[in-house]
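Enquirer: Once you've had a glance at the structure underneath, I'll fire off some questions.
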Amino acid sequence: MVRRTRSKIDALPPELKDAVEQMILNPVQFTYQDISEFLKDKGHEISYVAVYRYARRMNANIQMIVAAQENFQRLTEEMEKYPELDFVEVIQRILARQLVDRLSSAPDEQWDDLELDKTIKDAVALSRAATYKKRMDVQMRDKQEAGLQEFKALIFDAMAKERPELYHQVSQFINEKKRQGLVDSGEEQTCIGT
């Protein structure tokens, strides 16, 4: 279990904590000693070292948030470039690009330190994930197509029984479009009387 570090600053009233954080974000105007004295004036004895530790954690959290936002921005840009891709494919492309970048930009001295086994396992895992996704896409498309064909058959059967004149008109329309090459073979098989 991860132990979360708590600071005396975390226990401050929200408006005072916000003021301290704003001061931390403005290091040109406020030093840690200034912040410590500000808190002392407000009745809270907190050392400048404690302020420093809190600022270090706060800045690390801010950097993590900025990195997450940058990653999300890259993800969004990738999805805009390839709108036909789904979310998983975009992530796979980004990971593949990062893996290639990592391998191609590694200096010669890093090749000895590079965990080649881990890198190969990562590449294989990425490849397996892409293959699995493609297989699932094909299966899903097949199931959707089968469901659509079954639904069309039910509709045409019901139409033939309950509204034969409409069925005849639709059949003629499909035959006409088939002659023009505008209907695929799946459509013509569904309509029984064509």
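Enquirer: Do we find that residue 20 is surrounded by 12 or more Cβ atoms within 10 Å (Cβ to Cβ) and in contact (Cβ under 8 Å) with a residue 40 or more places away in the chain in this structure? Steps first, answer last, please.
Expert: Numbers: surrounded by 12 or more Cβ atoms within 10 Å (Cβ to Cβ): yes; in contact (Cβ under 8 Å) with a residue 40 or more places away in the chain: no.
Answer is no for this residue.
Enquirer: Looking only at segment 173-194, which residues are modelled with pLDDT of 85 or more and surrounded by 13 or more Cβ atoms within 10 Å (Cβ to Cβ)?
Expert: Step one: list which residues in segment 173-194 are modelled with pLDDT of 85 or more, which gives 173, 176.
Passing the criteria: only 173.
Enquirer: Mind checking which pairs have a first residue in segment 43-68 that is free of Cβ contacts under 8 Å to residues at least 24 places away in the same chain and under 13 Å from residue 32 (Cα atoms) and a second that is of a type outside the set (A, V, I, L, M) and part of a helix (DSSP H, G or I), Cβ under 7 Å, 6 or more apart or different chains?
Expert: Partner pairs satisfying both residue conditions: 47/36; 48/32; 48/33; 48/36; 52/32.
The values are calculated or read from the model by the stated rules, or taken from the named source; none is laboratory data. Computed from a predicted model, the values in this text were never measured in an experiment. Cβ sites come from the backbone with ideal geometry, for glycine too, and all protein chains shown count toward neighbours.
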